[in-house]
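Comments concern the structure below.
Since every read-out is calculated from the coordinates, none of them should be taken as a lab result. Since the model is a prediction, treat every value here as computed from it, not as a measurement. Quick reminder, even Gly has a Cβ in these numbers, built from the backbone with ideal geometry, and neighbours come from all protein chains shown.
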Amino acid sequence: MMQTSATLLDLVSRYQAFLKEFIYPIEKEIIYGSFKSHLPKLRELRELAKSKGLFTPHLSVDEGGLGLSLPEFARVSEILGTSPLGHYIFNCNAPDIGNMELMHQFASPFLKETFLKPLQRGEIRSCFAMTEPEHAGSNPIHMSTKAVLEGDEYVINGHKWFTSSADGAQFTIVMAITNPEAENVYQRASMILVPLDNLGYRLVRNISIMGDEGEDYMSHGEVEFTNCRVPKSYLIGEEGQGFTLAQVRLGPGRIHHCMRWIGICERALGLMCDRAMLRELNPGKFLSGQQTIQNWIAESAAEIKASRLLVLHTAEKIEKEGAKAAKEDISTIKFFVSDVLMKVLDRAIQVHGALGITDDTLLSFWYRHERGARIYDGPDEVHKSVLAKSILKSRALNGGI
Ligand SMILES: Cc1cc2nc3c(=O)[nH]c(=O)nc-3n(C[C@H](O)[C@H](O)[C@H](O)COP(=O)(O)OP(=O)(O)OC[C@H]3O[C@@H](n4cnc5c(N)ncnc54)[C@H](O)[C@@H]3O)c2cc1C
């Protein structure tokens, strides 16, 4: 169901109203406190989001969602990004949203019924285990995790980390080598669903990120698979399709992340302006009167606007022509918007002075936890290289020097 722009605006304002009334007032207490101890309150808010028809906005109407197109969901995602809890409350947070999209397209009817549906209803959470500490995640064809078929079961052995939100999740999708002899290195790995109550699975630890281990959804796990047995039917897609499926998972995922980052930037810019207007340097002389501060506000506003236009353009292109056709644009937004995010957060902190580095505002949470934006979903340098090579290739093809 395509939303007209008037209905989309109405929808966006309903999300804004929900965030203002129910989430902004409690978010700091939850993100700087124990996430687990707030789970009952968070469940209540998720039920409230359901009752207001705002849950899982990315899903089709048949699946209980709002049937939004990718560009429409992008607009909603920006609003949700203004709170660290936004996407979680409405059940469209990474890594669950990527797993939902992947399973919707490639999982068997049994896996959909048993795992996807409860995930979509918000009854369980999931995670995605691809990166290994021993190998460069930016070139994941090199991995040690193996899944060997024994009768009707895969036996999985391996070590992963940065399995985001593993703590408290009910299943993971693990990337493992199943076809080591395949000539094409991109056809050696497969994706297999592993329920996390499996005796062969262990959450080693929640990795401390700049001093914060986090908990539950807000954590990044180091995990181990030791003779971890799952039925052969828990394979997603075909054997050897792992990297193809990973690409499917990542295409729209970059739109989700970029729009979330733009939401963070908008909130940080708001905080920057409020502080500049309130902070008195001398009686009657406010920080907002300083040209340097004005430059930061203007530059941030311009960069945010440019980011939004770039991301929405990319979302339209993916929607109309597919992720492959939008490859250059996807790489462009990944490094461009993550850089804008870093700059805007840093300026907002600077404007707040010492207050900026305390946990009295959201800025320090984002500064710590969003530094990873330049690393995950492909480090920025890889995306720059993809874009530059594509530009050089097309110049050569078109008779450039
Ligand atoms: C917050 C966060 C959440 C994550 N969540 C998940 C998750 O849920 N599941 C999962 O499986 N993984 C996850 N990851 C892991 C992520 O996918 C990897 O960190 C990423 O792929 C980079 O791999 P690496 O850390 O091993 O860095 P490396 O591959 O070792 O690269 C290190 C650096 O080398 C440079 N570099 C690498 N390649 C090139 C190149 N071609 N050209 C120029 N420079 C290059 C870049 O600067 C890069 O940052 C997460 C990571 C973070 C930070």
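Ratio of alpha-carbon Rg to the 2.2 N^0.38 Å globular estimate for the chain, to two decimals, please.
1.02
With point charges of +1 on the Cβ of Lys and Arg and -1 on the Cβ of Asp and Glu, referenced to the Cα centre of the chain, which listed residue (Met175, Gly242, Leu278) lies farthest in the positive direction of the dipole?
Leu278
Specify the inter-centroid distance of region 333-397 and region 6-60, based on alpha-carbon positions, in whole Å.
If we compute the Cα centre of each part, the gap is 26 Å.
Only four residue types carry charge here, +1 at the Cβ of Lys and Arg and -1 at the Cβ of Asp and Glu. Report the dipole size of region 1-94 about the Cα centre in Debye, rounded to the nearest 20.
About 260 debye.
Find which of His369, Ala388, Ile357 sits farthest along the positive direction of the dipole of region 340-401, computed with +1 on the beta-carbon of Lys and Arg, -1 on that of Asp and Glu, about the Cα centre.
Ala388
Most fluctuating residue of Asp274, Asp360, Asp62 in a GNM of the chain with Cα springs under 10 Å: which is it?
Asp62
Give the shape of region 5-120 as rounded, prolate or oblate, defined through the alpha-carbon gyration tensor: a ≥ b ≥ c are the square roots of its eigenvalues, a/c under 1.5 means rounded, and otherwise the shape is prolate if a/b is larger than b/c and oblate if not.
oblate
Note down the relative contact order for the chain as a percent, whole number, built from C-alpha pairs under 8 angstrom at least six residues apart.
14 percent
Pick out which of Leu149, Leu269, Leu278 has the largest mean-square fluctuation in a Gaussian network model of the chain, springs linking Cα atoms closer than 10 Å.
Leu278
When the scattering of region 30-71 is computed by the Debye formula from its Cα atoms alone, each counted once and equally, what is log10 I(q)/I(0) at q = 0.20, 0.27 Å⁻¹?
-0.68, -0.84
On a 0 to 90° scale, report how tilted helix 291-321 is relative to the longest principal axis of the chain, with both axes built from alpha carbons and the result rounded to the nearest 10.
30 degrees
Given springs between every Cα pair under 10 Å in a Gaussian network model of the chain, which of Glu328, Glu150, Glu266 has the largest fluctuation?
Greatest mean-square fluctuation among the candidates belongs to Glu150.
First check a/c for region 126-236, with a ≥ b ≥ c the square roots of the eigenvalues of its C-alpha gyration tensor; if it is under 1.5, answer rounded, and if not, answer prolate when a/b is larger than b/c or oblate otherwise.
oblate
For the residues His159, His58, His104, what sequence is obtained by ranking on other C-beta atoms within 10 Å, fewest first?
Exposure proxy ranking, most exposed first: His104, His159, His58.
Quick one: order Asp380, Asp359 by neighbouring beta-carbon count within 10 Å, fewest to most.
Asp359, Asp380
Whole angstrom only: what separates the Cα centroid of region 271-312 from the Cα centroid of region 72-133?
When both Cα centres are located, 34 Å separates them.
By average Cβ neighbour count within 10 Å, what is the ranking of 78-87, 241-250, 291-300, 174-183 from highest down? List each step's numbers first, then the result.
Numbers: 78-87: 24.0, 241-250: 19.5, 291-300: 14.9, 174-183: 17.7.
The peptides rank, most packed first, as 78-87, 241-250, 174-183, 291-300.
What is the Cα convex hull volume of region 244-397 when expressed per residue in Å³?
Here the figure is 115 Å³ per residue.
Counting other beta carbons within 10 Å of each Cβ, put Phe110, Phe35, Phe128 in order, fewest first. Don't skip to the end; give the middle numbers.
On the way: Phe110 11, Phe35 20, Phe128 25.
The most exposed by this proxy come first: Phe110, Phe35, Phe128.
For helix 70-80, what angle does its Cα long axis make with the longest principal axis of the chain, in degrees from 0 to 90 and rounded to 10?
Between helix and principal axis, roughly 60 degrees.
Compute the relative contact order of region 158-209 as a whole-number percentage, counting only Cα pairs closer than 8 Å that sit 6 or more residues apart in sequence.
36 percent
To the nearest 20 Debye, how big is the dipole of the chain about its Cα centre, given +1 on the beta carbon of each Lys and Arg and -1 on that of each Asp and Glu?
820 debye
Rounded to the nearest 500 deg cm²/dmol, what is the calculated helix-only ellipticity per residue at 222 nm for the chain, with -39500 (n - 2.57) per DSSP H run of length n ≥ 4?
-15000 deg cm²/dmol
In degrees between 0 and 90, to the nearest 10, how far off the longest principal axis of the chain does helix 39-51 point, with axes built from Cα atoms?
Approximately 90 degrees, to the nearest 10.
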